[in-house]
Every structure is written in C-alpha cells, then in structure tokens.
Amino acid sequence: MDSVGAYEAKTQLSKLLERVMKGERITITRHGVPVAILQPPDPGKSGDTRTVISEILSSRKKHSLRGHSLKDLMEEGRR
C-alpha cells in the first residue's frame, strides 16, 4: 500500500482516485501520521437498493414524530 501526504492527496486527487479504481489502497498521512485510507468500496457491503429502501421505510414506521411536523422539529433545533 502506497502512502501520500495530505497536500499531495489534495493536489493529485483525480490521479489517486484512478489508482483506487484499479484496486489500489492508498494511505493519506498528515505529518507522517496515517489519517485516512482511500480504497475501492466493498461490493458486498453496499446491499441491494430495494432492500436498503425497504429497511429505511420500515425504520420510519418504528419512529414517531409524536404529533410534531418535521419542519417544526428542524426549526426548534436551529434555535
């Protein structure tokens, strides 16, 4: 696995992403300390879109707003 500094990662992001798309893993460091890893997504973890949507919808049914509108709750959170 190759490593690059944060500044280089910022300036060369397109090239790094192309390498990652080819299967490489790249560690990004800040002052020599690893802070992130660029790697291709794990296809097994993304899940089937329909299954994920179904899980989200069923989760919404379990959580009630208890008579409040989402808009009201968002405005309250901004105060």
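The number of residues in the stretch 6-42 that are without any contact (Cβ under 8 Å) to a residue 12 or more places away in the chain, among the charged types (D, E, K, R) and not in a helix (DSSP H, G or I) comes to 2.
In the stretch 43-54, the qualifying residues are those that are of a type in the set (G, A, S) and either in a loop (DSSP other than H, G, I, E, B) or in contact with a strand residue (DSSP E or B) (Cβ under 6 Å, 6 or more places away or on another chain) (or both), and the one that is surrounded by the fewest Cβ atoms within 10 Å (Cβ to Cβ) is G44. Restricting L73, L57, L65 to residues that are surrounded by 11 or more Cβ atoms within 10 Å (Cβ to Cβ), out of contact with any Lys or Arg (no Cβ under 8 Å at 6 or more places or on another chain), on the phi < 0 side of the Ramachandran plot and not in a strand (DSSP E or B) narrows the list to L73. I56 satisfies every condition listed in (1) over 16 Å from the mean Cα position of the chain (by Cα); (2) at pLDDT 95 or above except (2).
Of all the numbered requirements in (1) of a type outside the set (G, A, S); (2) under 18 Å from the mean Cα position of the chain (by Cα); (3) surrounded by fewer than 11 Cβ atoms within 10 Å (Cβ to Cβ), P40 misses one, and that requirement is (3).
The values are calculated or read from the model by the stated rules, or taken from the named source; none is laboratory data. Predicted model, so just to flag it, every value in this text is computed and none were measured. Because the Cβ atoms are built from the backbone with ideal geometry, glycine has one as well, and the counts that use them run over all protein chains shown.
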